[in-house]
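J.: There's a structure below that I have some questions on.
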Amino acid sequence: MNQISARLGRRLFTTSLVAGALTLGLRLPPARAASGAPVPAGASELGLWVIVQQDDTVIVRIARSEMGQGTLTGLAQLVADEMDADWAHIRTELLDTTDNYNARHAWGDMATNGSRGIRTSQDYVRRGGATARAMLIQAAAQSWGVPSEECSAANSVVTHGKTGRTSRYGELAAEAAQLAVPTTVALKTQAQWTLIGKPVKRLDTRPKLDGSHVFGLDVQLPGLLCAAIAQCPVFGGKLKSFDATAVRAMPGVRHVLQVDEQSVAVVADKFYFAKTALAALPIVWEEGEHAQVSSATIAAELAQGLSAKDAAIGNQKGDVDAAFAAAARVIEADYATPFLNHATLEPMNATALYTEAAAGARVELWIGTQNSDDALLTAATAAGIKPDAVKINRVNLGGGFGRRNRIDVPRLATLIARQLPGIPVKMIFTREEDMQHCYFRPVTQGRMRAALDADGRVTALAARISGQSVLATTRPQALKNGTDPTAFEGLEAAPFGYKSIPSLRIDYAMRNTHVPVGTWRGVNANQNAFFTESFIDEIAHATGRDPLALRRDLLADSPKHLAVLNAAAERAGYGRPLPQGRFHGVAQFSSYDSFTAAVAEIELSATGEITIHRITAAIDCGYAVNPDQINAQIEGSFVYGLGAALFSENTIENGRIAQSNFHDYPVMRLASAPKKVDSIIMPSGGFWGGVGEPTIAVAAPAVLNAIHAASGKRIRSLPVKDQLSHQA
Amino acid sequence: MITLHVNGTAHQIDAPPETPLLWALREWVGLTGTKYGCGIAQCGACSVHIDGQVMRSCQLPIGDLGQVKITTIEGLSPDASHPVQRAWLAHEVPQCGYCQSGQIMAAVSLLASTPKPTDAQIDEAMTNICRCGTYGRIRAAIHAAAGEG
Ligand code: FES
Ligand code: FES
């Protein structure tokens, strides 16, 4: 234990701290709290999350990552509200990853994924705000010689009601910091919230308007060199040889380095020189055993999984086999989804500096990451040093969508820097490298079957998922009984809404490929919602039911699912006449502890061009911290999800990704985006659901169901691409 | 040495003439508001103004530029006060913000040639990629900025 954590061990952590579940029953001696994180001169730290300056500025520490989703502002709202701080004087500061590591994660988990940024930290950050408030009130009460209970706080001012005396937070902070941090604090009731639930403006917009927001790609340091990297295009293959002499004399080139077993980098004065020389570098790859794999061979493996005997059960009730045996009619359909790159607009990059000193080697990283905890550990491992000898400078992320959870980038950057002690090196993936080397959304197929009785009622539903496991790539130690429980995302007993179906079996045949896969915004809920919500529509059409009416029946025992569905349908005017040529499609799904539904209103041209006139989306996320940022996440989810559904796919040829850039990996642009996204935010209270990902699940099926309504064409394999173009 | 006129200042650039303007701006001039997204004129993250006209700088070799006046996001206004920047702020357009330099430069150019663009004209002019999906707000902010002008 180093000094800081030893001190914390004595002072702060008298109660046990479980990673990710911070108990704020901290008992502090009546001395100044010192968490180990820095405090500006003249400012006072009040508990773990808040620093108050003499000029009344309140600095809220932020542990999670901001990648555009608005979490930074939302977290500050939570703290400021419980603290009764004046929103006009709120600032944020990104918590240092090493400080958190040294304090044994006193500030909780920093990983920002699974739509957890707010919902899993809301309790302890709100307590952090309430703690600071209690200390400020107590400081004021003591200075006035009155009981704390007679004092109140609002807008960063403490008031003693009886005498009308007031004191500003900035005046009180130094005194407050001398007090014991309270062991228990009461949180406000929802009715007392003043900031939570308000569409306050984001705190981080201004620098995004004039080019001053510093992303990883923009990091500048004295003596900085830049690296362009090439990894073996066939996953699992190796670097056999490269001819550095061919490029050494090119402009700006300083070094040509083997990075690890499968990659080589050119390091140059400028990235332009590095990538130009890398493109000219003769490289021989040892492509290995996967060089013959193609999308077709993968599809055949997955198709085999659709009927394989062996599959892991994720959700089961009733006697499905008996129901199918007794069925008057069986409906069946197979679906397929491709690999997908996240294609964050800022390509992967990180800057690393490795230094050697008598006290031991150190690594400093500048990286936009969704997971600075893992980046810290990764850099330490790659450099062969202790984690507390790593410093992470958390720079802004040009999009995340799950891609920046992964540790390949901090690892590669550290491995390059380690070979060049004392020189900061910025490693950037070209777009082509970024497109080829990702942790892709997994390729998946689904076989849906429904048993119907003589009246067309659904007596059983069977879903077989066959596809690649995210966990098997990202956290193989988390596999359970050799399979991936997250494959069932949204179809597990709790979130699965169609509880009126008497018997049910949802199972999974894991079929892993050599392609690395990962968390892609919405993760497995995307595929599962596409399979299920398309198939419910198929059942409706096969039985002559209205798709909305059928869903309402099957969701009769799922009031929250039903509520969002009804809200979206009503706002969209579902069932009422639409303008000539326009059609509705509907979908609902629950994931990340939120409930979502959408109605798409679309038009197909004679040549099969789709116009998405309007999306009406409803979400129940329990509590809505910032409705405008929830709107933004819903708008973004539809663009991201529909771009994928309509246009994007990564295919495999000769063991490698066949696409290289946005010309062959088309994404949604403004002209093809929904003309209008109408969001209904309907927090029903009592739980904290996610926001960044849940609505993406309904994007594809709502539009695909509308396409069916418009054309009679059922799209079962994504992306849609030119499947509608023969319509003319 | 190649001379580039960027945001009203002449810069002597010691880079090969085939260097794309994008990299000259980012790595020689030191203006990093102009972003790299694709390098092949697909995404628009690198959009700048060449004599007032929006262009994708990743496809412009500096040796071909001559005396043109280059404006980058940093040169649009001293204090983010350009009507388009103000509209972007009012509509809270940015999410991650990475594409927004390019989006703003494209919108300014559109409004210069078409002061009151229709939705169809916006569709046609605004072809830059935003992965965060801010297109709806971009459209609304352009209409708002047009109303102001
Ligand atoms: S970087 Fe120039 S258009 Fe993408
Ligand atoms: S705001 Fe993130 S790419 Fe546009």
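Here, each number is a calculation from the coordinates, and none is a lab measurement. Because the structure is a prediction, the values reported are computed rather than measured. We place every Cβ from the backbone using ideal geometry, glycine too, and count neighbours over all the protein chains shown.
J.: Nearest 20 debye, what's the magnitude of the dipole of chain A about its Cα centre given +1 on Lys and Arg Cβ and -1 on Asp and Glu Cβ?
T.: 620
J.: What relative contact order, as a whole-number percentage, does the stretch B:83-145 give when Cα pairs under 8 Å and 6 or more residues apart are counted?
T.: 55
J.: I want to check the label-to-label distance for residue B:127 and residue A:664. Put each point 7 Å from Cα in the C-beta direction and report it in nm to one decimal.
T.: Distance between label points: 2.0 nm.
J.: How compact is the stretch A:545-612 by the rule of thumb for globular proteins, expressed as Cα Rg over 2.2 N^0.38 Å?
T.: My calculation over the Cα atoms of the stretch A:545-612 gives 1.23.
J.: How many percent of all Cα-Cα pairs in the stretch A:273-386 sit more than 17 Å apart?
T.: Percentage above 17 Å: 80.
J.: Can you pull the one-decimal nm distance between simple spin-label points at residue A:221 and residue B:90, each 7 Å off the Cα toward Cβ?
T.: With each label placed 7 Å out from Cα toward Cβ, I get 4.2 nm.
J.: Let me ask something else. When the chain is fully extended, how far beyond the present Cα-Cα distance does residue A:714 get from residue A:88, taking 0.36 nm per residue of separation?
T.: Contour length minus the Cα-Cα distance gives 220.1 nm.
J.: Defining a contact as two alpha carbons under 8 Å apart and six or more residues distant in sequence, what relative contact order in percent does the stretch A:353-397 show?
T.: 43 percent.
J.: Determine the gain in length on full extension of the stretch residue A:330-residue A:241; use 0.36 nm per residue of separation and subtract their C-alpha separation, reporting nm with one decimal.
T.: My answer for the length gained is 26.3 nm.
J.: Roughly what % of Cα-Cα distances in the stretch A:122-177 sit above 16 Å, to the whole percent?
T.: Of all Cα-Cα distances in the stretch A:122-177, 35 percent exceed 16 Å.
J.: What is the calculated FRET efficiency for residue A:607 to residue A:512, with r their C-beta to C-beta distance and R₀ = 30 Å, to the nearest 0.05?
T.: It comes out at approximately 0.15.
J.: List the pair-distance distribution P(r) of the stretch A:243-304, using every Cα-Cα distance, as the percent of pairs falling in each 10 Å bin from 0 up to the bin containing the longest distance, rounded to whole percents.
T.: Cα pair-distance distribution for the stretch A:243-304, in percent: 21, 35, 18, 17, 8, 0.
J.: Ignore the peptide's own chain and count Cβ atoms of other chains within 10 Å of each Cβ in A:623-636; give me the average, rounded.
T.: Across the residues of A:623-636, the mean count of other-chain Cβ atoms within 10 Å is 3.
J.: Taking Cα pairs under 8 Å and at least six residues apart, what relative contact order does chain B come out at, in percent?
T.: About 24 percent, as a whole number.
J.: Next question, about the same structure. Given bins 10 angstrom wide, list per bin the percent of all Cα-Cα distances in chain A, short to long.
T.: All Cα pairs, binned at 10 Å, distribute as 3, 14, 22, 23, 19, 13, 5, 1, 0 percent.
J.: Which whole-Hz ³J(HN,Hα) couplings does the stretch A:522-534 yield from phi under the Karplus relation 6.51 cos²θ - 1.76 cosθ + 1.60, θ = phi - 60°, glycine and proline marked x?
T.: Computed from phi, the couplings for the stretch A:522-534 are x, 6, 6, 4, 4, 5, 5, 6, 4, 5, 5, 6, 5 Hz.
J.: Full-extension gain between residue A:191 and residue A:722, please, as 0.36 nm times their residue separation minus the C-alpha to C-alpha distance. Don't skip to the end; give the middle numbers.
T.: On the way: separation 531, 0.36 × 531 = 191.16 nm, distance 5.18 nm.
Extending this stretch completely gives an extra 186.0 nm.
J.: Restricting attention to the alpha-carbon atoms of chain B, what are Rg (one decimal) and Dmax (integer), both in Å?
T.: Spelled out, the Cα radius of gyration and Dmax of chain B are 14.9, 44 Å.
J.: If you don't mind, there's one more thing I want to ask. Could you check the spin-label model distance between residue B:12 and residue A:303? Points 7 Å from the Cα along Cα→Cβ, value in nm.
T.: Result: 6.7 nm between the two label points.
J.: Same structure again: If one computes P(r) from the Cα atoms of the stretch B:83-145, what percent of pairs lie at distances over 18 Å?
T.: 21
J.: Pull up the cross-link candidates among the lysines for residue A:499, meaning alpha carbon to alpha carbon under 23 Å and not fewer than 8 places away within one chain.
T.: Once the sequence-local lysines are set aside, what remains near residue A:499 is A:317, A:560.
J.: Turning to a different aspect of this structure: Per 10 Å bin, what is the whole-percent P(r) computed from every C-alpha pair distance within the stretch A:413-559?
T.: Each 10 Å bin holds this share of Cα pairs: 10, 32, 25, 17, 9, 5, 2, 0.
J.: Over all directions, the average projected area of the alpha-carbon convex hull for the stretch B:2-76 comes to how many nm²?
T.: Over all viewing directions, the stretch B:2-76 projects a mean Cα-hull area of 4.1 nm².
J.: Let me ask something else. Sum up the charges of everything whose Cβ sits under 13 Å from the Cβ of residue A:127, counting Lys and Arg as +1 and Asp and Glu as -1, but leave residue A:127 out.
T.: Here the charged neighbours net out to 0.
J.: Which of A:208/B:35; A:238/A:275; A:386/A:480; A:386/B:35 have a Cα-Cα distance over 23 Å? Display every interim value, and only then the final one.
T.: Working: A:208/B:35 12 Å; A:238/A:275 20 Å; A:386/A:480 30 Å; A:386/B:35 35 Å.
Violating the 23 Å Cα-Cα cut-off are A:386/A:480; A:386/B:35.
J.: Still on this model: What number comes out for the charge environment of residue B:118, summing +1 per Lys or Arg and -1 per Asp or Glu over other residues with Cβ under 14 Å away?
T.: Cβ neighbours under 14 Å give a net charge of 0.
J.: Determine, from the Cβ-Cβ distance of residue A:144 and residue A:174 and an R0 of 25 Å, the FRET efficiency 1/(1 + (r/R0)^6), rounded to the nearest 0.05.
T.: Working: r = 16 Å, r/R0 = 0.65.
Calculated value: 0.95.
J.: Moving on. Pop out the Kirkwood hydrodynamic radius of the stretch A:565-648 from its pairwise C-alpha distances, inverse of mean 1/r, in Å to one decimal. Spell out each step's value before the answer.
T.: Values: mean 1/r = 0.0715 Å⁻¹.
Hydrodynamic radius (Kirkwood, Cα pairs) of the stretch A:565-648 is 14.0 Å.
J.: Let me ask something else. For every other residue with a beta carbon closer than 10 angstrom to the beta carbon of residue A:666, add +1 if it is Lys or Arg and -1 if Asp or Glu, then tell me the sum.
T.: That works out to 0.
J.: Please pull out the direction-averaged projected area of the stretch A:71-156, using the convex hull of its alpha-carbon atoms, in nm² to one decimal place.
T.: On the way: hull surface 26.2 nm².
Quarter of the Cα hull surface area: 6.6 nm².
J.: Checking the cross-link filter: which lysines have an alpha carbon closer than 17 Å to that of residue A:721, excluding same-chain neighbours under 8 positions apart?
T.: Result set, ordered by chain and number: A:713.
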